[in-house]
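Beneath this line is the structure, given in structure tokens, with notes to follow.
The values are calculated or read from the model by the stated rules, or taken from the named source; none is laboratory data. If you're wondering where the values come from, they're calculated on a predicted model, not measured in any experiment. Every residue, glycine as well, gets a Cβ built from its backbone with ideal geometry; the counts of neighbours run over all protein chains shown. Heavy atoms of the whole protein, side chains included, go into the accessibility calculation; ligands, DNA and RNA do not. Shrake-Rupley method; radii C 1.70, N 1.55, O 1.52, S 1.80 Å.
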Amino acid sequence: MDVNDLLTETYDRLPALVRAAVDGLTPEQLRHAPGPDANPVGWLVWHLTRLQDHHVSDAFGVEQLWVTGDWAERFGLSPDPDDTGYAHTPEQVAAVRPESAEALVDYHEAVAARTRTFLAGLGPPDLDRVVDESWDPPVTLGVRLVSVVEDDLQHVGQAAYVRGLIERG
């Protein structure tokens with residue numbers, strides 16, 4: 001297995017997990033926080049998708065999908081390219097209002113498809129390219145891609161857990 005196949009296999013697991021976490025939930029359920037400082041399913045899935053859109057777009061030097069279409073509108077937000085949910089206050093978390101589970105799935109699948117396209121063109125030397133010099137050591141493309149998928153997998157697991165809490169009442 002080459003690096004493209006390995007990364008594609010890893011990233012391709014996310015859309016089904018995202019769909020399983022949100023499918024059939026109402027907008028109210030997507031916004032339900034299981035505790036005062038806990039994040040709802042809708043916010044978790046929005047955040048993991050925003051993070052992938054933001055970081056992968058930056059690494060490949062393209063504009064984020066978030067700012068090029070009607071995605072922000074479908075979540076009750078502005079198309080701020082810097083708003084990924086990082087360090088959101090409870091009020092900011094509550095402001096993320098996906099219109100439906102399908103809005104979350106659609107946005108994630110669009111980001112996933114574009115990520116897959118970028119991954120298909122990679123070769124091993126590409127993974128050593130520095131994409132973020134603000135860290136010590138500087139972050140390479142390989143490290144960034146692993147970091148994004150690791151974060152996404154954690155958040156989709158959290159979303160599945162919160163969904164289970166909602167279903168159990």
Tally of residues being more than 10 Å from Trp46 (Cβ to Cβ) and either among the hydroxyl-bearing types (Ser, Thr, Tyr) or within 14 Å of the chain's Cα centre (by Cα) (or both) across the stretch 84-100:
3
Contact list please: Cβ distance under 8 Å, first residue in the stretch 147-166 and in contact (Cβ under 8 Å) with a residue 24 or more places away in the chain and under 18 Å from Gly35 (Cβ atoms), second residue of a type in the set (Gly, Ala, Ser) and open to solvent by 40 Å² or more (accessible area, probe 1.4 Å), pairs at least six apart or on different chains.
Ala160/Ala20
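Please find, within the stretch 123-156, the residue that is farthest from Thr8 (Cα to Cα) out of those that are part of a helix (DSSP H, G or I) and of a type in the set (S, T, N, Q). Even if it seems obvious, please write down each step before you answer.
Narrowing the stretch 123-156 to residues part of a helix (DSSP H, G or I): 124-128, 141-156.
Pick out the ones that are also of a type in the set (S, T, N, Q) and you get 147, 154.
Details: Ser147: 14, Gln154: 18 Å.
Among residues in the stretch 123-156 that are part of a helix (DSSP H, G or I) and of a type in the set (S, T, N, Q), the one farthest from Thr8 (Cα to Cα) is Gln154.
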In the stretch 16-28, what count of residues is obtained for those that are closer than 13 Å to Ala159 by Cα, open to solvent by less than 60 Å² (accessible area, probe 1.4 Å) and either of a type outside the set (A, V, I, L, M) or over 14 Å from the mean Cα position of the chain (by Cα) (or both)?
1
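Of all residues in the stretch 112-129, which are more than 21 Å from Glu63 (Cβ to Cβ) and of a type outside the set (Gly, Ala, Ser)?
In the first step, residues of the stretch 112-129 are kept if they are more than 21 Å from Glu63 (Cβ to Cβ); the result is 123-125, 127-128.
Residues satisfying the conditions are Pro124, Pro125, Leu127, Asp128.
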Residues of the stretch 88-131 that turn out to be touching a residue at least 60 places away in the same chain (Cβ under 8 Å) and in contact with a strand residue (DSSP E or B) (Cβ under 9 Å, 6 or more places away or on another chain), as a count
2
Could you list all residues from the stretch 60-87 that are touching a residue at least 12 places away in the same chain (Cβ under 8 Å) and of a type in the set (S, T, N, Q)?
Gln64, Thr84
From Ala33, Ala16, which residue is in contact with a Phe, Trp or Tyr (Cβ under 9 Å, 6 or more places away or on another chain) and either on the phi < 0 side of the Ramachandran plot or part of a loop (DSSP other than H, G, I, E, B) (or both)?
Ala33
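The rows are residues; the columns are (1) more than 17 Å from Leu104 (Cβ to Cβ); (2) open to solvent by 30 Å² or more (accessible area, probe 1.4 Å).
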site: Val130; (1), (2): yes, yes
site: Ser134; (1), (2): yes, yes
site: Leu141; (1), (2): yes, no
site: Arg144; (1), (2): yes, no
site: Val148; (1), (2): yes, no
site: Val162; (1), (2): no, no
Extreme residue, most open to solvent (accessible area, probe 1.4 Å), among residues of the stretch 34-47 that are more than 13 Å from Ala160 (Cα to Cα) and of a type outside the set (Asp, Glu):
Pro36
